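Read the structure below first, then the notes.
The values are calculated or read from the model by the stated rules, or taken from the named source; none is laboratory data. These figures come from a predicted structure and were not determined experimentally. We place every Cβ from the backbone using ideal geometry, glycine too, and count neighbours over all the protein chains shown.
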Amino acid sequence: MILVTGGTGMVGAHLLVECVKKKQNLVATFRREESIDVVKKVFESIAPEYLKDFALIQWKKAPLNDINALDDAFQGVEYVYHCAAKVSFADHKTESLKKSNIEGTANVVNAALKHKVKKLAYVSSIASIGAEKNIKQINEESNWEANQNHTAYAYTKYGAELEVWRASQEGLPVVIINPGVILGGQLWNRSSASLFQNVANGLRFYPTGETAVVALNDVINILIYLMESDIKNERFILVAENLSQKELLEKIANSLGKKPPSIPLKASVLYSLFILEKTLDLLFIRKNFLNIPFIQTLCNKQHYIGSKICSRINFEYTKIDECIVEIGKSYKF
């Protein structure tokens, strides 16, 4: 039996499609009932011939902080794909990020150890690496820099990884993947798929930094391969290309036949917006979203090296141009 936490997220939903194709017995966790219907629509769109198998997935309502519900979801489970996570870069979301990403992962790890799971694969992020900002080339050997500011999201993904490494020290085989921005479709209002929706709606601004990107299908295929292989207690950065934010958004716009964003959001502009937002927050008018670490992330020009996985297995990344074109074809205006 295989458990997929966060089965209604972008990675989780597409992972379920591939696991169903392999005729695997599946348990998937969710938080809201209506999200299951969204996953069903993903099946209808990309794998309609497997709809009857979709009905065989055991859905368990198990928020990561509900220990009893998690314990029930782990009954009979041998392998775990931990895909559930909360994503936000706003400071006022810090506590909920800690509860979901750090404490929630600790609960998953503890349940996996209790039920003697054979292997756990964790979907982390390049944000969790947190290398010193002056380092230009980042790989799996790069270390977390504790003396610089990070986003709350980065802190909590790093903390979640520490829980997974704890599991490995207690005898549970684990693998961690650190994908860059995952380019995928179908769930258009979630994760990076919302980039396509934002561009389609007439996005005018672009950050001036760079971003590391990878195709969703590559993430899913590697995740499954690592789970089924003898590889354990290692991390893998999954990045196909490093692009400027402007270049990425232009490619997305071209795939949709839309006008690309043309106004740069320079650091000076973002800092001015941060001061304005902070003032409004202090006046209890609205919560601020921007913060200095997030602005630094948007203007960041570090490159992430994703070649380790290619040296370990027979694998080539999907070309990002091809990936974006295919996603653009599937986008429904």
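So the values come out like this:
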{"read-out": "K259 of a type in the set (K, R) and outside the structural domain of W188 (by TED's automatic domain parsing)", "value": "yes"}
{"read-out": "Within region 70-87, considering residues that are of a type in the set (G, A, S) and either buried (at least 17 other Cβ atoms within 10 Å of the Cβ) or in contact with a Cys (Cβ under 6 Å, 6 or more places away or on another chain) (or both), the one nearest to V27 (Cα to Cα)", "value": "A73"}
{"read-out": "Number of the exception - N178 against (1) at pLDDT below 95; (2) touching a Ser or Thr at 6+ places or on another chain (Cβ under 7 Å); (3) in the same structural domain as K40 (by TED's automatic domain parsing)", "value": "(1)"}
{"read-out": "Cross-chain or 6+ apart pairs with Cβ under 7 Å, region 237-265 first and under 25 Å from N221 (Cβ atoms), then of a type in the set (F, W, Y)", "value": "I237/Y304; V239/Y304; A240/Y317; N242/Y304; I252/F196"}
{"read-out": "Selection count, region 18-56, where residues are among the β-branched types (V, I, T) and either under 17 Å from the mean Cα position of the chain (by Cα) or in a loop (DSSP other than H, G, I, E, B) (or both)", "value": "2"}
{"read-out": "Pair list, Cβ < 6 Å and 6+ apart or interchain, from region 98-117 residues that are assigned by TED's automatic domain parsing to the domain that holds A152 to residues that are among the hydroxyl-bearing types (S, T, Y)", "value": "K98/T156; N101/T156; I102/T156"}
{"read-out": "Subset of region 169-211 (residues that are over 27 Å from S35 (Cβ atoms), assigned to a helix (DSSP H, G or I) and in contact with a Leu (Cβ under 9 Å, 6 or more places away or on another chain))", "value": "none"}
{"read-out": "Some residue of region 240-260 being closer than 30 Å to I2 by Cβ, in contact with a Ser or Thr (Cβ under 9 Å, 6 or more places away or on another chain) and buried (at least 16 other Cβ atoms within 10 Å of the Cβ)", "value": "yes"}
